[in-house]
Structure formats: C-alpha cells, structure tokens
Amino acid sequence: MEALKHAVDFSDFKRIDLTVAGALMIFFIVFPITSHSSFAMSTMIQFFMFSLYGMGWNTIGGYGGQVDLGKAQYVGIGAYTTAVMLVRWDTPFWVSMPIGVLLSVSWSFIIGYPLFRLKGHYFAIATIATSLVLKDLFEVWNFVGAARGLEISPIDFQPPDFIHLIFKHDVYYYYVILAFFIIGLLYMNWFRKSRLGFQLRAIKDNEAVAASLGINVHWAKIKTYAIATAFVSVVGSFHACYIKNIEPEDTMSLDISILIALMAMLGGAGSLWGPIIGAGILIPIKSYLKEWLGGMAGLAGIDIIIYALIIMIISAKEPRGVWGIIEKWRQRRGQN
Amino acid sequence: MDILIGSLAAGILIGMVLALVALGLTIIFGVMDIVNFAHGEFLMIGMYTGLLTAQATGVDPLLTLPVAALVGFVLGIGCYALFVRFLLRGPMVAQLLGTFGLMLLLRNLTLLFFGAEDRALHHGILVGKSFELGMGVIVPATKLAAAAFSVLAFWGIWLLMNRTKLGKALTATALNAQGARYVGIDTERMNALAWGIGGATVTIAGALLVNFWSVNPYVGLLFCMIAFAIVALGGFGSVPGAFFAGLIVGLITELPGIWDFVTYTFDVDWMSQVPMTSFKYMWVYVAYFLIMVVRPRGLFGWKH
Amino acid sequence: MKLLEITNLTKTFGGLTANDNISFAVDSAEILGLIGPNGAGKTTLFNCISGHLPITSGRIVFDGADITALSSYATARRGMARTFQVYAAAGDLTVLENVMVGCFMHTRRRSQAERRARRIVAQFNLTPMADSQVRQLPVAAQKRVTMATAIGTRPKLLLLDEVAAGLNPSEINEITDFINHIHHQMGISVILIEHVMALVMNISRRVVVLNYGQKIAEGRPDEIIKNPNVIQAYLGRRYAAAQEG
C-alpha cells in the first residue's frame with residue numbers, strides 16, 4: 001500500500017535528524033529495562049501522552065494554522081467513555097476507546113461545521129467556549145460522576161490486563177503508549193505528505209488562493225479537526241486507564257487545552273518533530289518543578305510561575321519554536 | 001412577579017459592571033488586534049487593590065477607586081512595554097499563548113504573595129445596606145453604586161475617545177495603524193496608552209466588584225471568559241457595543257431567576273428539574289457561540 | 001460554442017458600482033486581453049468570474065454550464081484557474097510542493113501528484129529551483145510558479161492577473177513565451193489582465209477594455225489602439241481631442 005510506504009519514508013529529513021531520532025527510539029524502547037525511579041517512568045509516560053496530544057493538535061493548529069484552544073473536551077470524552085464503560089459494564093479498552101473516538105469525532109463534526117466559519121481570534125475563543133461548556137456539563141452530570149469524577153476501583157494484584165488496560169506496574173502502560181506513539185508518528189509522517197496535508201498548508205498560507213486551486217477550504221478544516229480530535233480522544237481513553245481517577249477539572253480544563261497547544265508551539269508548530277520536542281522539553285520541566293518546588297511550603301505556585309515565564313519567553317522571542325530555531329540556524333549556516 | 005423584576009434588576013446591574021470589565025478588553029483589541037488572556041487577572045488585581053487599600057487605610061472602599069485606577073494604568077503600560085509589544089510581531093498563536101502565560105504569571109504571583117484564601121470586604125458606607133426599588137425588589141447598595149460608577153466610567157471613556165485629541169488618535173490607530181503613523185501619530189505610545197486605559201478601567205471594575213464579590217487568586221478566569229463573550233457579542237473594538245452586550249450578558253447570568261419565574265408561574269414541571277443555577281455561566285458561552293455563528297461581527301462591530 | 005459567456009454582469013459594493021453591466025464571451029481557443037486604467041474594475045471582474053465574489057446581477061456560463069452562483073473552489077474544479085495580483089505563491093512551500101497542491105485537485109495519490117508536478121515544473125524551467133522555498137526566488141520565477149501551480153489543476157481557462165507586473169523586458173519576453181506555450185501546446189484559453197501593452201497587444205486575439213466599471217470597447221488589438229474611447233480613457237479627453245483635431 002502506497003500510504004504505508006509514505007508513512008515509513010522519512011528520507012526528506014537530514015541524516016543527522018534521523019540518526020538522533022533513531023538513537024532516541026532505541027532509548028525509548030530500552031528505557032524501562034534500565035534502572036530508574038518510578039517518577040521518571042511516569043514522566044516518560046506523560047511525555048508520550050503529550051507528544052500524541054500535541055501531534056493531534058498540530059494537524060489543525062500547526063499545519064492548518066487554526067489555533068484550537070479547546071482540545072481538552074475531547075480528552076474528556078475519550079477518558080469518560082472508557083471510564084464509564086469500564087466501571088459500569090466492564091468493557092474492554094479496545095472497545096471503549098474506538099467508541100470514545102466515534103463520540104468525539106461526531107461531536108467534532110457537529111461543532112466543527114459552525115466553528116470553522118470563524119477565523120483567527122474569534123475561532124480560538126469559540127473553541128475555548130465549547131470546551132468550557134462541555135466541562136460545565138460534565139461537572140453536573142451525575143451519570144459521569146459530576147464534579148467528583150470517576151474512579152476506577154483499586155486493583156488487586158492481578159495479572160496484567162491487556163483487555164481492559166489495567167496494570168499494576170507502569171511498565172505495561174509504558175509500552176502500550178509507546179506503541180501508540182510510534183503509530184501516531186507514522187501517521188503524522190503520512191499526513192504531512194498527503195493530499196489533505198498539502199491542502200492545509202495552502203489554506204494556512206492564503207485561503208483565497210487555496211480555494212482557487214479547487215480546495216474546499218471549509219471541509220478540509222473540518223476533516224482535519226476530526227483527525228486531531230481522534231488523536232486526543234485515544235490518548236484520553238488511555239489516560240483514564242492509567243490515572244484511574246478522572247474528574248472534569250483535571251481532564252477538561254482550559255489549562256489542559258493550552259498545554260496541548262503549547263507542546264506543538266514550543267517545539268515548532270507545523271513540523272513533524274515539533275510536538276515531540278515540545279513535550280520533551282515541557283513535560284520533564286513541569287514534572288520536576290512540581291516535584292521539587294510545588295511541595296515546598298510557602299512556595300506554592302512557583303513551579304507554575306517558571307512554567308509561565310517559559311511560555312512568555314518563547315512566545316515573545318521565538319514563536320516558531322525550537323524547530324524554527326534549528327531551521328533558522330541551518331539556513332544561516334547554509335548561506336556561509 | 002417580584003422574582004422576575006428582581007432578576008431583571010440584578011441582571012442589569014451586574015451587566016453594567018460586567019460591561020466595564022469588558023471595556024478594557026475591547027479597547028485593547030480595537031487598537032492593536034490582540035486578545036488579552038490576562039485581562040481577568042488585571043481584574044483580580046484590581047479587586048485585591050481595592051480590598052487591601054480599604055483595609056490598610058481604613059477609608060471607604062469606594063474611595064479606593066483612584067488607587068485601583070492608578071495600579072491598573074501602571075500595570076497595563078508595564079505589561080505592554082515589557083512584554084506584549086514583543087508579541088505583536090509574531091503569529092497569532094504566539095500572541096494567544098503569550099498572554100496566557102502572562103495570565104498564569106500574574107495569577108500565581110498573587111497566589112504566592114497573598115495566599116489562596118477568599119477575602120471579602122466587611123466595612124464601608126454601603127456594605128450591608130440596600131435600597132428598595134418598589135414592588136418588593138431589594139437591591140444591595142453596593143451593586144447599585146457599582147453599576148452607577150460603571151456608567152460614569154463608560155461615559156468618561158466615551159468622552160475621551162470621541163471628544164479629545166488623544167481619543168481621536170487612539171481611534172485612528174485602531175482603524176489603520178499604518179495610516180496613523182503617516183499623519184504623525186506615535187502608534188507605540190497609542191498602544192501603550194490603550195493598555196494603560198484598558199488596565200485602569202478593569203481595575204476600577206475590580207475595586208467596585210470587590211464590594212460584593214469575594215476575591216481569591218482564581219476569580220480571574222471566569223470574568224475573563226465572560227469579558228470575551230461580551231466583547232465578541234458587542235463587536236470587538238466597540239465601546240457602545242461593550243455596554244449593551246454587557247447588559248445582555250448580565251441578564252443571561254440571571255437566567256436561573258427568570259427560569260424559576262417561568263417555572264412557577266406556568267407550573268411547568270420539567271423545567272424545575274433542570275439545575276439552572278449550575279449552568280449560570282455556561283449560557284454565556286453558549287450565547288457567544290451562537291452569536292459567532294449567526295453574526296460574527298457582533299452587534300456593533302466594525303472589525304473583522 | 002463559447003467557453004465563457006458573461007452576460008450583463010454587475011457588481012456593486014454598497015454605493016460603489018465596480019462592474020457595470022458587462023458582457024463579453026471567450027472562445028475555446030482564444031487569448032483575450034482585459035485592459036483599462038487602474039481602478040477600472042478588472043480584478044473585481046476576475047473575482048466575480050472565478051467565484052471569489054458573489055455578483056449582484058447577471059449571468060456567467062462556463063463550458064455550457066451556468067456557474068453564476070458557484071463558489072471559487074467549485075469553479076476551479078470545473079476547469080477555471082487563476083493567478084492573483086498581490087500574491088507570490090505559498091511562501092513556506094517549495095516550488096515543487098506548490099505545483100503539487102495544484103495537481104492534487106485531480107488525484108489523491110501523492111506519487112501521482114509529484115510526478116505530474118515535476119513534469120510541469122520542467123516545462124516552466126523551474127527544475128533547478130524545484131526544492132527551494134518560493135519566497136526566496138526572484139519575482140519572475142515566482143510568477144512562473146503561480147502559473148505552473150494553476151496549470152496543475154488541468155484548467156480549460158486560465159485567468160492571469162497582471163502576471164508581467166514587475167518584470168524587466170527580457171523577463172516579459174520569457175513569460176510571453178510561456179503564455180503562448182500554455183495556449184498553443186496545452187490548448188488552454190487565457191484571459192489576461194495586463195498593463196504592459198506590448199505583451200497584451202502582442203499576444204491577444206481580442207481585447208476588452210474597461211473604464212470606471214464599464215466596458216468601453218472590444219475588438220482586435222489593432223482596432224483597440226485606434227479607438228477614441230480607449231485613447232480618452234488612458235490619456236484623457238484633451239489628448240483624444242488633440243488626436244482628432
């Protein structure tokens with residue numbers, strides 16, 4: 001299949017990029033076997049999760065240039081679908097997750113149609129609005145536990161459950177999310193070379209011109225939004241099984257939406273590696289800051305202050321993110 | 001019936017204050033096309049300023065307004081000069097995330113210095129007093145005063161924008177920055193000034209609000225979103241738009257009261273099952289969404 | 001059969017009439033020039049024809065079908081391509097990628113799009129810069145990229161909006177060759193907005209002249225340059241009077 005060929009073809013990157021990527025991949029695969037703290041393991045798992053969130057966002061926000069700040073609602077739909085179905089009906093993850101995706105994508109089409117008639121700031125604020133509405137709804141809806149949230153009951157030490165994705169040891173979660181990560185990366189590699197990917201980039205540059213080339217701009221955006229939604233929903237479902245305790249404030253807040261957008265922006269929106277780089281920088285920082293500083297009495301909030309400063313500096317100095325810096329540096333070197 | 005009048009009155013009064021909150025946002029957007037996520041935090045800082053000044057000096061909270069205005073003005077200009085003006089060069093996603101970072105910074109600095117507890121005002125000539133508007137409707141004096149000052153502030157801003165040379169320069173910059181520069185207007189100064197005025201109006205709103213709304217470092221976000229909705233509804237950049245949209249949004253937040261009125265008057269059973277109070281602010285977001293779909297320019301908007 | 005038929009096309013913006021009751025037709029094997037002083041409404045007319053602007057009244061029939069109400073992407077899919085005046089191709093994409101966007105209109109498969117794009121890139125002498133970002137190219141090359149991208153969509157009719165603007169004489173010659181190639185070798189009809197008289201009079205079979213939103217003349221190039229209305233439009237009444245008197 002041609003699509004598969006494109007998915008695994010990374011040849012348009014420089015050799016050094018691929019070498020680094022390859023080395024990192026080996027590191028990822030081997031990591032759990034080496035000695036490490038459980039804290040490091042959970043940070044790595046979060047890194048993969050947020051890389052995937054960021055990759056999803058990157059389709060519509062990076063390549064498409066439509067700043068979507070409401071992705072958290074789909075984290076919620078994915079997470080709650082899996083959690084509710086697990087708690088009430090003992091549904092396997094591999095059933096509840098696709099259902100979650102179906103629900104998320106359906107919702108994304110419903111609101112996508114009106115949403116994408118907006119542009120720029122208006123669009124961004126509208127995405128925030130829909131996400132907050134959904135969060136408020138979940139906070140009063142008793143079927144999903146309202147504001148208390150849902151808890152997946154404590155696990156006795158059973159053998160690893162791949163059907164329901166409930167494990168006692170993090171290492172199983174690690175490899176599952178790593179598998180998703182690799183699939184996601186291959187998909188994104190295909191996406192950026194696909195017809196839709198090209199259409200998006202044309203749209204991002206100039207919508208009138210894109211339309212004159214036969215691109216149905218509105219529909220292309222909606223399709224891409226659905227793809228982004230699917231990504232986020234899958235990881236949301238995983239999140240439910242991993243964290244085992246979800247509530248609207250944690251999974252669907254504005255902070256989560258912003259964090260997702262930030263992954264891609266920090267690393268380089270519109271590039272393949274961007275979200276991964278962004279997650280690679282931001283998640284460890286966030287985790288370690290919280291560990292060291294968040295707990296200290298009287299210094300509550302300092303971790304967020306540092307995190308906020310990072311956001312501000314990147315936004316002001318290099319909005320094209322780390323990958324943008326790398327490309328700029330390479331261009332300058334190439335000209336000498 | 002008095003529930004209805006009471007709700008309507010409350011809605012209009014709070015609407016005027018909300019309109020003032022939104023005023024700064026619309027001015028800033030009008031002049032330089034940037035959406036300020038930190039706007040809610042400016043409000044929160046205004047609330048703290050009003051509260052702490054009143055508690056420290058013992059003066060009546062209403063007299064703290066000038067202090068709040070000054071703090072807001074300096075804060076606005078400071079944020080612009082030290083940070084925001086660097087954002088203007090970048091793409092929109094960077095601007096949005098940048099002001100979001102500013103929001104987190106201001107919120108958590110406040111948390112660091114003042115702690116997370118709720119604080120409220122307990123003294124002042126108006127606190128605890130109410131007016132009766134007839135028909136059994138009772139309105140707290142603090143809310144009435146807040147609304148009155150809001151109207152005054154709006155009038156003042158309107159005068160500024162339309163009757164002074166400075167205001168015209170600001171409007172010119174808002175309409176066409178390039179053109180404004182050609183006629184010798186220093187648009188950098190205009191931008192900073194827009195932030196200063198925007199900051200001052202919202203901190204005044206905060207100092208008014210704190211008379212009847214307790215403050216903690218987290219109140220900013222809710223008001224920020226409400227302000228966004230008002231600005232979008234009224235039209236980004238429109239001062240009268242902010243006023244009327246504010247009234248409408250104020251009424252929307254009183255929807256539970258009106259809902260109850262309809263429920264009890266017409267004895268509609270299913271309506272009483274719906275926990276409208278929890279949805280108070282959700283309807284604001286829904287309204288925003290609907291407006292954007294139906295009439296993106298808002299009521300009075302001239303910018304798109 | 002006429003490829004394109006415009007009947008009584010009028011476009012108003014509030015109080016301003018940008019296009020006033022314009023009618024003309026384009027054959028299926030024709031290069032038509034569209035000239036007129038600045039502000040005459042030429043680009044607006046293009047925008048109306050290509051579906052980027054809704055028209056106030058009138059009818060547009062393209063390739064036998066009424067396209068009056070169609071949006072720009074639907075019009076493009078029926079075989080009408082255009083270039084834009086103030087636009088220099090998607091800056092971020094490379095030359096090849098730009099042309100591929102055009103080619104993707106007729107295929108879903110990247111390999112197919114890429115193959116066709118490479119061929120078109122070669123036809124437009126852009127192969128040496130195929131992998132360069134468009135924004136880094138000189139103006140003449142950028143113009144060729146916009147044309148190449150439009151060709152990628154397999155149009156029957158190509159609307160070129162001031163494609164020679166900003167080019168020096170030798171570049172103008174070069175682009176004239178390309179337009180001829182598009183027309184004669186590829187069989188694509190062309191409507192050409194131009195201010196560079198040498199180009200448009202040279203290459204067009206017929207010319208339509210607009211002034212203040214109205215069509216003031218239509219005919220062969222040699223007729224048009226002698227037309228007193230046209231002279232008056234460009235050079236003023238006094239000059240025209242001086243010519244006659």
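Structure above, values below:
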quantity	calculated
Test: residue in the stretch A:215-224 that is farther than 28 Å from A:Ala279 by Cβ and either among the aromatic types (Phe, Trp, Tyr) or crowded, with 20+ Cβ neighbours inside 10 Å (or both)	yes
Options B:Leu106, B:Leu96, B:Leu111; residue that is under 19 Å from A:Gly321 (Cβ atoms), facing chain A (nearest Cβ under 9 Å), in a helix (DSSP H, G or I) and touching a residue at least 40 places away in the same chain (Cβ under 8 Å)	B:Leu96
Pairs, first within 30 Å of A:Ile183 (Cα to Cα) and at the interface with another protein chain (Cβ under 7 Å from one of its Cβ atoms) in the stretch A:206-234, second surrounded by fewer than 24 Cβ atoms within 10 Å (Cβ to Cβ) and polar (S, T, N, Q), C-beta under 9 Å, six or more apart	A:Asn216/C:Ser71
Per-region count, the stretch A:85-112, residues in contact (Cβ under 8 Å) with a residue 12 or more places away in the chain, part of a helix (DSSP H, G or I) and more than 9 Å from chain B (Cβ to nearest Cβ)	17
Condition met for A:Leu165 (modelled with pLDDT under 80, buried (at least 19 other Cβ atoms within 10 Å of the Cβ) and either within 14 Å of another protein chain (Cβ to nearest Cβ) or farther than 30 Å from A:Asp9 by Cα (or both))	yes
The stretch A:117-143: number of residues that are under 21 Å from the mean Cα position of the chain (by Cα), within 7 Å of chain B (Cβ to nearest Cβ) and over 30 Å from A:Asn206 (Cα atoms)	2
Strands (runs of 3 or more DSSP E) lying entirely in the stretch C:1-118 (those with 1 or more residues that are farther than 26 Å from A:Ile215 by Cβ)	C:4-13, C:16-26, C:31-35, C:57-62
Residue list for the stretch C:144-177, filter: under 19 Å from A:Ser212 (Cβ atoms), in a helix (DSSP H, G or I) and either among the small types (Gly, Ala, Ser) or away from chain A (no Cβ under 14 Å) (or both)	C:Arg144, C:Ala148, C:Ala150, C:Gly152
Residues satisfying the stated conditions in the stretch A:172-199, i.e. surrounded by fewer than 16 Cβ atoms within 10 Å (Cβ to Cβ) and more than 16 Å from the chain's Cα centre (by Cα)	A:Tyr175
Complete set of residues in the stretch B:25-47 that are under 21 Å from B:Leu144 (Cα atoms) and either at pLDDT below 90 or more than 10 Å from the chain's Cα centre (by Cα) (or both)	B:Met44, B:Gly46, B:Met47
Test: residue in the stretch A:62-84 that is surrounded by fewer than 24 Cβ atoms within 10 Å (Cβ to Cβ) and part of a loop (DSSP other than H, G, I, E, B)	yes
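For every residue, the table says whether it meets (1) in contact with a Leu (Cβ under 6 Å, 6 or more places away or on another chain); (2) without any contact (Cβ under 8 Å) to a residue 24 or more places away in the chain; (3) away from chain A (no Cβ under 11 Å); (4) among the hydroxyl-bearing types (Ser, Thr, Tyr).
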residue: C:Ala40; (1), (2), (3), (4): yes, no, yes, no
residue: C:Ser57; (1), (2), (3), (4): no, no, yes, yes
residue: C:Ala65; (1), (2), (3), (4): no, yes, yes, no
residue: C:Ser72; (1), (2), (3), (4): no, yes, no, yes
residue: C:Thr75; (1), (2), (3), (4): no, no, no, yes
residue: C:Arg82; (1), (2), (3), (4): yes, no, no, no
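Okay, residues lined up against (1) polar (S, T, N, Q); (2) in contact with a helix residue (DSSP H, G or I) (Cβ under 6 Å, 6 or more places away or on another chain); (3) in a helix (DSSP H, G or I); (4) crowded, with 19+ Cβ neighbours inside 10 Å:
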| site | (1), (2), (3), (4) |
| --- | --- |
| B:Gly156 | no, no, yes, no |
| B:Leu170 | no, yes, yes, yes |
| B:Arg181 | no, yes, yes, no |
| B:Gly196 | no, yes, yes, yes |
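Residues checked against (1) among the hydroxyl-bearing types (Ser, Thr, Tyr); (2) under 16 Å from the mean Cα position of the chain (by Cα); (3) exposed (fewer than 15 other Cβ atoms within 10 Å of the Cβ):
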site: C:Ser28; (1), (2), (3): yes, yes, yes
site: C:Leu32; (1), (2), (3): no, yes, no
site: C:Asn47; (1), (2), (3): no, yes, no
site: C:Gly51; (1), (2), (3): no, yes, no
site: C:Gly64; (1), (2), (3): no, no, yes
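Residue-by-condition table, conditions (1) more than 9 Å from chain B (Cβ to nearest Cβ); (2) at pLDDT below 85; (3) closer than 18 Å to B:Thr110 by Cα:
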| residue | (1), (2), (3) |
| --- | --- |
| A:Ile283 | yes, no, no |
| A:Trp292 | yes, yes, no |
| A:Ala297 | yes, yes, yes |
| A:Ala300 | no, yes, yes |
| A:Tyr307 | no, yes, yes |
| A:Ile313 | no, no, no |
| A:Glu318 | no, yes, no |
| A:Val322 | yes, no, no |
| A:Asn336 | yes, yes, no |
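The values are calculated or read from the model by the stated rules, or taken from the named source; none is laboratory data. In this text, all values refer to a predicted model and were calculated from it rather than measured experimentally. Don't worry about glycine lacking a Cβ; one is built from the backbone with ideal geometry, like all the others, and counts go over all protein chains shown.
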